[in-house]
Amino acid sequence: MSHIRGRFKKAADEKVAAYTSSLPFDWRLYRHDIAGSIAHARMLARQGIISESDSVIIVQGLEAIEREITRGEFDFKAELEDIHMAIEARLIEKVGEVGGKLHTARSRNDQIALDLRLYIREAIARTIGNFRELQRALVNLAEASMEVVMPGYTHLQPAQPVLLAHHLLAYFEMLQRDVGRFDCCRTRADVLPLGSGALAGVAYNVDREFLARELGFSQVSQNSLDAVSDRDFILEYEAAASISMMHLSRLAEEIILWSSAEFDFIELDEAYATGSSIMPQKKNPDVAELVRGKTGRVYGHLTAFLTTMKALPLAYNRDLQEDKEGLFDTADTLLASLDICTGLIATLKVNTEGAAKAVGRGHILATDLADYLAKKGESFRTAHEIVGRLINYAVKKGKPLPELSFAEYSNFSPLFGEDVYAITVESSLAARDTVGGTAPKRVAQAVAAAKKILGQGQ
Ligand code: ARG
């Protein structure tokens, strides 16, 4: 029986114990829990709430327990409710009655709020690290493929030529915003809840500023009821992760499309592709498909926990225990997906010719032709109309635009001159010479700016 059942004569029903226990998943918080407890024990001694020698015994006991867990030698007893009870019970087993003093001026309610904030702080640092790796892979590929032209699409129809590098850097921008969101989330998680007690504060002369310094928080919470029941930082992590997974699912989708025979813009590395058990010719983009597919569970965790939080009265309610599995799975999924996307991007081969072939289809220079007439004085609407008719004609003749004769052009507008043949994919790209445009010199600047952000010089 756990030692928190003072008023009870019976042990909890076995089913109840299993249903309510968070130990099967919150054991992952053991390092954070022990770090919080060590700071708490030190604070208690500094404030004269427990003796210095008791504090030393407690701290040494906790350090030993951390080693036991890390080495896999810790016996997680199923009947203990959570990681807090498991560690405390072991502490008392190891150091005796003194171990029972650790929980002075503390409740599991402020303890778990602390553990989660410590966990999320670490998770955010790792998440941002993985974002930087993926951004680096994108920028490296962009830099290595500055010559590669592909169709830019709207409605998944060929629209205008763009540099592949420009397309890749669009993802750099998305990930840059993701990093910003996690950074914001870090600010809100950076608040120490310990010292809030069960809900109302604690009846001891605790030093919360000392705890904040020991544990690296820049602020202490200002309302004990809020501090033990606030899980906004978890929702924010999950919301930021959902947006990030949405971005990764878009990248994954492009990789899937581009590696198809129909597009043929890239070839996946064998280490990042799978075969079919029945069709020997297949090289499947399962890895990218799983990134796309895993987006669903991350959205699900956000929705699930928002629903758990809805209409919860102050302060702590056991419903809050439902915060953990979704958060852990969100962080695990996002970290792994970022890592896998980095590998996909770093190893894929670009098929310059395949992309160029696609540029040759679909009359991708039509806008440039309309711009040509507009620059010669035609209104853009009329120019658009004329080029539309010209395209119809070319389609009927089965010829791409550059193969039409000058006489054929002239039938559609007297404004066409011989210089119409100077409209090429290269001229089209170079013309988009605006901030954020696909002109090669702009894209080169964007690569340099991205490298600067990533700290690669320039
Ligand atoms: N396992 C609990 C949780 O995750 C810890 C806090 C328990 N507090 C309580 N009053 N039962 O929320």
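The values are calculated or read from the model by the stated rules, or taken from the named source; none is laboratory data. What you see is a predicted model; the values in this text were computed from it and never measured. Here the Cβ is made from the backbone with ideal geometry for all residues, glycine too, and neighbour counts use every protein chain on show. Remember, those area values only see protein heavy atoms, side chains included, never the ligands or the DNA or RNA. Shrake-Rupley method; radii C 1.70, N 1.55, O 1.52, S 1.80 Å.
Assorted remarks:
- Qualifying residue in segment 82-99 (condition: at positive phi, of a type in the set (G, A, S) and open to solvent by 30 Å² or more (accessible area, probe 1.4 Å)): no
- Selection within segment 302-330: residues that are of a type outside the set (V, I, T), touching a residue at least 24 places away in the same chain (Cβ under 8 Å) and more than 16 Å from the ligand (Cβ to nearest atom). The member of this set that is surrounded by the most Cβ atoms within 10 Å (Cβ to Cβ) is L302.
Yes or no, residue by residue, for (1) in contact (Cβ under 8 Å) with a residue 40 or more places away in the chain; (2) outside any helix (DSSP H, G or I); (3) over 29 Å from T330 (Cα atoms):
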position: M146; (1), (2), (3): yes, yes, yes
position: P161; (1), (2), (3): yes, yes, yes
position: A170; (1), (2), (3): no, no, no
position: C184; (1), (2), (3): yes, no, no
position: T187; (1), (2), (3): no, no, no
position: V202; (1), (2), (3): yes, yes, yes
position: V228; (1), (2), (3): yes, no, no
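- Filtered residues of segment 9-45 (kept if in a loop (DSSP other than H, G, I, E, B) and over 29 Å from I57 (Cβ atoms)): K9, K10, A11, A12, D13
- Inspection of segment 196-211 identifies no residue that is under 30 Å from the mean Cα position of the chain (by Cα) and open to solvent by 10 Å² or more (accessible area, probe 1.4 Å).
- Leading residue by the ranking (nearest to I87 (Cα to Cα)) among those in segment 105-139 that are among the acidic types (D, E) and more than 16 Å from the ligand (Cβ to nearest atom): E122
- Against the criterion of being of a type outside the set (D, E, K, R) and touching a Lys or Arg at 6+ places or on another chain (Cβ under 6 Å), T342 does not qualify.
- When residues of segment 212-226 are limited to those that are in a loop (DSSP other than H, G, I, E, B) and open to solvent by less than 40 Å² (accessible area, probe 1.4 Å), the one nearest to Y316 (Cα to Cα): S221
- Pairs meeting the criteria (first residue in segment 71-91 and in contact (Cβ under 8 Å) with a residue 40 or more places away in the chain and within 14 Å of the ligand (Cβ to nearest atom), second residue open to solvent by 60 Å² or more (accessible area, probe 1.4 Å) and of a type in the set (V, I, T), beta carbons under 7 Å, at least 6 apart or on different chains) are M85/I4.
- Screening T330, T308, T303 for residues that are in a helix (DSSP H, G or I) and either under 30 Å from V395 (Cα atoms) or in contact with a His (Cβ under 8 Å, 6 or more places away or on another chain) (or both) leaves exactly one candidate, T330.
- Across segment 48-59, the qualifying residues are those that are farther than 11 Å from I34 by Cα and surrounded by 13 or more Cβ atoms within 10 Å (Cβ to Cβ), and the one among them that is farthest from the chain's Cα centre (by Cα) is S51.
- Count of segment 92-104 residues, restricted to those that are in contact with a Leu (Cβ under 8 Å, 6 or more places away or on another chain) and within 16 Å of the ligand (Cβ to nearest atom), is 1.
- Filtering G354, G360 for residues that are more than 16 Å from the ligand (Cβ to nearest atom), crowded, with 17+ Cβ neighbours inside 10 Å and under 22 Å from V162 (Cα atoms) leaves a single hit, G354.
- Test: residue in segment 342-351 that is in contact with a strand residue (DSSP E or B) (Cβ under 9 Å, 6 or more places away or on another chain), open to solvent by 70 Å² or more (accessible area, probe 1.4 Å) and not in a loop (DSSP other than H, G, I, E, B): yes
- Filter pass, R117 being touching a helix residue (DSSP H, G or I) at 6+ places or on another chain (Cβ under 9 Å), open to solvent by 20 Å² or more (accessible area, probe 1.4 Å) and among the basic types (K, R): no
- In the condition set (1) more than 27 Å from I266 (Cβ to Cβ); (2) at pLDDT 95 or above; (3) among the hydrophobic types (A, V, I, L, M, F, W, C), L404 is compliant with all but (2).
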